[in-house]
Every structure is written in structure tokens, then in C-alpha cells.
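The values are calculated or read from the model by the stated rules, or taken from the named source; none is laboratory data. Predicted, not measured: the structure shown is a model, and the values here were computed from it. Cβ atoms come from the backbone with ideal geometry, glycine included; neighbour counts cover every protein chain shown. The area values use the complete protein model at the heavy-atom level, side chains included, leaving out ligands, DNA and RNA. Shrake-Rupley method; radii C 1.70, N 1.55, O 1.52, S 1.80 Å.
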Amino acid sequence: DERAGLCSRRRVGAPIEYPEVGLYHPALEQSIVVSATDLPARRGRKKGSVGLLIMRSYVLAGNTAHYDAVIAQLEQHGLRVIPAFASGLDARPAVQRFFLEKGKPVVDAVVSLTGFSLVGGPAYNDASAAEEMLAELDVPYIAAQAVEFQSLGEWRTSDLGLMPIEATMMVAIPELDGAIAPMVFGGRGDTTAGHAVKGGGQDMCPQPDRVDALAARVAKLVALRRQSRDERRLAIVLFNFPPNAGNTGTAAHLSVFESLFNTLETLADQGYSVEIPTSVDALRAAIVSGNADRYGTDANVLERLPVDDHVRREPWLEDIEAQWGPAPGKQLSDGSGLFVL
């Protein structure tokens with residue numbers, strides 16, 4: 001009919017096939033590749049490598065500003081970045097293909113930017129499968145979040161921060177896998193504070209200060225993993241609530257000091273320099289009692305801070321004294337210094 005002429009004027013190219021499992025980098029001409037050797041070469045690679053898990057849907061849509069910022073900042077720290085994706089909500093194919101080689105990790109840390117658990121996403125979560133995968137990797141695993149159910153502007157001005165559904169889906173469920181150090185790094189854009197956004201305010205954007213903090217944290221974890229054990233320093237935090245009430249090491253139905261004692265013995269077996277008391281009771285006494293009797297406090301005094309030092313360097317001194325009176329006050333003090341338990 002009258003449209004027959006279109007046949008000679010329209011030429012439709014072959015459909016583009018995108019890989020189910022692949023790699024992305026903003027510096028690539030095609031943006032998507034299937035081999036790590038095709039990623040841009042970066043100097044400073046000796047500082048370590050980071051496996052980045054990202055969402056395939058955002059990559060195919062070209063909606064990657066939040067990912068691009070993280071990649072750039074990690075590379076600023078001298079790290080090689082391997083940004084990988086898998087279709088669906090099971091990231092294991094990407095981990096197995098790009099982060100492992102002959103059963104050994106080729107990355108020093110893995111950072112998930114997907115906002116989902118490693119296996120299953122929000123609909124279901126196979127934590128045991130994720131645990132098995134992460135045990136094989138045996139590297140730090142961080143899950144960072146881009147806010148999806150609100151804009152960045154709404155998140156910045158909210159007293160709540162993450163919505164309950166975001167806290168559940170993006171923080172609590174990934175923690176069941178073994179994810180650590182949750183942090184917002186970006187989210188849906190807005191136009192508040194002159195924050196111009198392409199696409200009518202719906203595209204994903206980075207939160208620059210959080211991206212910087214995330215990259216710095218990952219860089220330190222990578223550096224720590226590459227250090228020998230005699231260069232590392234570990235701190236162990238014990239439950240103590242309410243504070244300053246003689247509750248150090250208490251927790252309902254948990255054997256805190258037995259667990260701590262076993263942990264110290266395990267650290268010693270793995271090559272750390274640890275001074276281990278002769279028994280659990282001796283460990284408890286060293287932490288809870290220590291020099292408490294000498295200072296008349298509820299627990300061991302770790303440091304005594306001279307009041308002159310406190311007054312000279314405390315930026316909130318005026319606010320503190322308005323509430324508690326002149327330094328050093330009457331709590332945890334000998335009149336000329338403050339006690340740090």
C-alpha cells in the first residue's frame with residue numbers, strides 16, 4: 001500500500017546482544033566487555049584490586065553516574081577496579097568468573113553496590129549460599145547502598161535517614177550474608193541545592209563525600225589485608241550497657257569473657273602477639289577490675305586525662321560545662337583529671 005516505499009528506505013541493524021555476565025568501565029569505548037584483560041590498564045595496581053558488584057540493568061540503561069564516581073575514586077587510591085555484573089539477582093556467576101582464578105581470589109576486597117543480598121535479592125535471600133561463596137573468596141565484603149525509594153535530597157533532610165524498607169533490604173539482609181560497613185554512596189537525583197540532574201531528576205547520582213569515604217575505607221582494608229600480621233593492630237569492643245554501671249562484658253545469655261578468651265587464643269595461634277591471662281576469670285578481672293579499687297571506679301581506668309588538657313583542646317567545652325558544670329566535674333574524676341574507663 002502507500003507505505004511500501006518504506007521498505008527501501010529503512011534498514012534495521014541486527015539486534016545487539018548484551019552478555020548475561022560481564023564487566024563495565026566508563027573508560028571503555030563499548031562500556032561492556034567479557035574479559036578482565038579488556039579493562040583499562042591502571043598504574044598503581046600493586047596497591048591492590050577491588051571487585052565491584054553492580055547492577056546490569058543500570059549499565060544497559062547508561063544510568064551509571066553513581067558507579068562511575070566510585071570507580072574513579074577507588075582508582076585515585078591506586079587500586080585496580082573490576083566492576084562486574086550478572087543478570088538477575090544472583091551475583092555468584094560474576095564473582096566466580098572475575099574475582100576467582102583456580103579457586104583463589106584475584107581481588108583484595110569485594111564491594112557490592114547493588115543494594116541487594118549476594119544471592120536472591122529482596123524476594124528471597126539464600127544466606128547459606130552467599131556464605132559459601134564468601135568463604136571461598138575470604139576477602140573483606142562491603143555492601144554500600146544507593147537510596148532507591150527516596151531522592152538524595154529527601155534522604156539528606158530526613159531525620160530517619162534510610163527508610164525501613166531500605167534499611168531492611170540494603171543493610172540487614174546483606175549482613176546475613178556477611179556484609180560489613182554499610183554506607184550510602186548515592187541515589188536518585190534531585191534538584192535541591194542546585195544539584196542539576198539529567199533525566200528530570202530520576203537518574204542515579206553519587207553523594208561525593210560518601211563516595212570519598214567509601215573509597216578511603218576500602219583502600220585501608222586492602223592495605224590491611226596486604227600487611228603482615230606483625231604490622232597489624234587489632235581492637236576488640238565489648239558490650240557495656242548502660243555505661244559506667246559495672247556492666248562491662250555483660251550480655252544476655254552470652255559468655256562474653258569465654259568468647260573473648262577463645263578469640264585471643266585463636267589470634268595467638270594465627271601469629272598475632274597477644275598476652276593471654278591464665279584463665280577466663282583472670283581475663284575478666286584484668287578488664288573489669290584492674291586498678292578500679294585504686295581509683296574508686298566501677299571498672300578499670302585506662303587513661304587519666306589532665307583537666308588542663310581537656311579544657312585546652314575540647315571544642316564543645318562550653319556546651320559540656322553548661323550541662324555538667326565546670327571541668328573536670330564530679331563523675332569519673334579525681335578533681336584534677338578525668339578517667340577514661
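Solvent-accessible area assigned to carbon and sulfur over the chain amounts to 52 percent, based on a 1.4 Å probe.
Per-residue extension of 0.36 nm, minus the Cα-Cα distance of E265 and S57, leaves a gain of 70.2 nm for this segment. Quick query: amide H of D203 versus all other amide H atoms, modeled in the peptide plane; which residues come in under 5 Å with a sequence gap of 5 or more or a different chain? Amide H neighbours of D203: G189.
Charged neighbours of L234, selected by a Cβ distance under 15 Å, balance to 0 (K, R count +1; D, E count -1). Entry comment: accessible area of the stretch 101-226 is 47 Å² per residue, from protein heavy atoms only and a probe of 1.4 Å. Across E101, E321, E175, mean-square fluctuation computed from a Gaussian network of the chain (C-alpha pairs under 10 Å connected) peaks at E321. Only the Cβ atoms of Lys and Arg (+1) and of Asp and Glu (-1) were treated as charged; on that basis the dipole of the stretch 66-121 about its Cα centre amounts to roughly 240 debye. Between amide H atoms placed 1.01 Å from N, distances below 5 Å from G337 occur with V307, all of them 5 or more places distant or on a separate chain.
Adding -39500 (n - 2.57) for every DSSP H run of four residues or longer, then dividing by how many residues the chain holds, sets the calculated 222 nm ellipticity at -8000 deg cm²/dmol. To the nearest ten degrees, helix 256-269 and the longest principal axis of the Cα atoms of the chain are 70 degrees apart.
A Gaussian network model of the chain, with springs between Cα atoms under 10 Å, assigns the largest mean-square fluctuation among A14, A252, A219 to A14.
Neighbours of K102 by Cβ distance under 15 Å: Lys/Arg scored +1, Asp/Glu scored -1, total -1. Exposed loop sites were defined as chymotrypsin sites (Phe, Trp or Tyr not before Pro) in DSSP loop states (anything but H, G, I, E or B) carrying at most 12 other C-beta atoms within 10 Å; in the chain the longest segment without such a site runs 1-123.
In this structure, the amide hydrogen of A143, modeled 1.01 Å from its nitrogen in the peptide plane, lies closer than 5 angstrom to those of S112, I180, counting only residues at least 5 positions away or on a different chain.
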